[in-house]
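Below is one structure, written out as C-alpha cells; comments come after it.
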C-alpha cells in the first residue's frame, strides 16, 4: 500500500499575505483525497524532524547555522525576494526534510511500498548554501543522500517534473555520478538555468512555453526514460511539482492530471525494472488548489498501480 507521510506542523509555515505557497495547498489535497475515497486506503505516518547530520549531507554547516539563527519569534524575515520565514517555518521545513528520510527508511526496511511526502515548504531550489524560490532545505536531496549514506545504495535517480528547473538538486549532485538528476521544466523561466548540463548524469528536459501533453510525453519518452533505463537506479525519487498544469497561473505549460498520472506510471515501471519497486515522491510546487489536488490524486493512483 501507498504510505503518505506528512505532519500538521507543515501547515505552520506562513510566507505572508498574497504569497502563493500556502497551507491551503495541503488542505486542498487532503480534501480531494477524502472526496476521491483514496484517503481511506492510504497508510499515514507523521514526519519526524530531520537531524543536523542528515542536513549536512547536502547543506553547508554555515548555511544551516544562518537559517536556524534567522528563524523569527514573531513576524516575518525575508530570505530573498520569494522566500520568507515566519515563526512556524523552521519546524515545517524540518518536518518536510524529515519526511523523505523516514520514507527511505521505511521502504528499505520493507515497511512501505511507494511513499508520497505531502509536505511544505518545497525544497528543490535550495542550494548547498542558499535558500531561494520558496525553499529552505532541499528535501529530495536530503532523502537521496540518506539512501546512499545510510543504506549503502550505489545509484539513485531523481526525476523532477516541477515546472521550474530543480537547480538546487542539480547543483548539489553535479559532481556525484551516483545520482542521476533529470529535471523537466519550462525554459526560459525561473530560475533561468538548466539548459546546459555539465555532466552525463545530469539529464535536463527544457520545454518551451505552451508545451502540452503530446510534446511533454514525447520528450519524456525520447530522453528521460531511456536515460533512466541506462542508469538503472537502485532507488527512484520524484520531485513532484504540479505547477505545469494548464490551470495554474504560475506557468505557461499546458499539462493536465492525465499527464501527471502518465509520467508517474512510466516512472513506476522504471522503479519496478531496476529498483525492486523502490520509489519515493516529494511534493514540490502546484499553486492552483483544485488542479493541484486533482493532479496529486492522479499521481498517487499511478504510484499505487493497478
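Within the stretch 96-112, is there a residue that is over 16 Å from the mean Cα position of the chain (by Cα) and under 29 Å from residue 192 (Cβ atoms)?
Among the residues of the stretch 96-112, not one is over 16 Å from the mean Cα position of the chain (by Cα) and under 29 Å from residue 192 (Cβ atoms), which makes the answer no.
Only one residue in 101, 119 is in a loop (DSSP other than H, G, I, E, B) and buried (at least 24 other Cβ atoms within 10 Å of the Cβ), so which one is that?
119
Under 6 Å between Cβ atoms, at least 6 apart or on separate chains: pull out the pairs that start in the stretch 180-194 with a residue that is on the phi > 0 side of the Ramachandran plot and at pLDDT 95 or above and end on any residue that is outside any loop (DSSP other than H, G, I, E, B) and crowded, with 24+ Cβ neighbours inside 10 Å.
Listed pairs, sorted by first residue: 194/183.
Go through the residues of the stretch 126-149 one by one and say whether even a single one is under 15 Å from the mean Cα position of the chain (by Cα), under 15 Å from residue 57 (Cβ atoms), at pLDDT 95 or above and surrounded by fewer than 24 Cβ atoms within 10 Å (Cβ to Cβ).
Within the stretch 126-149 (the criterion being under 15 Å from the mean Cα position of the chain (by Cα), under 15 Å from residue 57 (Cβ atoms), at pLDDT 95 or above and surrounded by fewer than 24 Cβ atoms within 10 Å (Cβ to Cβ)), the answer is yes, since at least one residue qualifies.
Looking at (1) surrounded by fewer than 19 Cβ atoms within 10 Å (Cβ to Cβ); (2) assigned to a helix (DSSP H, G or I); (3) over 18 Å from the mean Cα position of the chain (by Cα), find the lone condition where residue 17 falls short.
In the conditions (1) surrounded by fewer than 19 Cβ atoms within 10 Å (Cβ to Cβ); (2) assigned to a helix (DSSP H, G or I); (3) over 18 Å from the mean Cα position of the chain (by Cα), residue 17 misses (2) alone.
Scan the stretch 20-40 for residues that are part of a loop (DSSP other than H, G, I, E, B) and on the phi < 0 side of the Ramachandran plot and jot them down.
20, 21, 22, 23
Could you tell me whether the stretch 146-154 includes any residue that is free of Cβ contacts under 8 Å to residues at least 60 places away in the same chain and not in a helix (DSSP H, G or I)?
yes
Conditions (1) closer than 28 Å to residue 23 by Cα; (2) in contact with a strand residue (DSSP E or B) (Cβ under 6 Å, 6 or more places away or on another chain), marked per residue:
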site: 251; (1), (2): yes, yes
site: 259; (1), (2): yes, no
site: 277; (1), (2): no, no
site: 282; (1), (2): yes, yes
site: 289; (1), (2): yes, no
site: 292; (1), (2): yes, no
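Taking the criterion of being closer than 23 Å to residue 136 by Cα and buried (at least 21 other Cβ atoms within 10 Å of the Cβ), would at least one residue in the stretch 269-280 satisfy it?
Yes, there is a match, as at least one residue in the stretch 269-280 is closer than 23 Å to residue 136 by Cα and buried (at least 21 other Cβ atoms within 10 Å of the Cβ).
So which of 249, 243, 234 is buried (at least 23 other Cβ atoms within 10 Å of the Cβ), modelled with pLDDT of 95 or more and either touching a helix residue (DSSP H, G or I) at 6+ places or on another chain (Cβ under 8 Å) or closer than 20 Å to residue 189 by Cβ (or both)?
Result: 243 is the single residue among 249, 243, 234 that is buried (at least 23 other Cβ atoms within 10 Å of the Cβ), modelled with pLDDT of 95 or more and either touching a helix residue (DSSP H, G or I) at 6+ places or on another chain (Cβ under 8 Å) or closer than 20 Å to residue 189 by Cβ (or both).
The values are calculated or read from the model by the stated rules, or taken from the named source; none is laboratory data. Predicted model only: the values in this text are computed from it and were never measured. In this analysis, Cβ positions are derived from the backbone assuming ideal geometry, glycine residues included, and neighbour counts consider all displayed protein chains.
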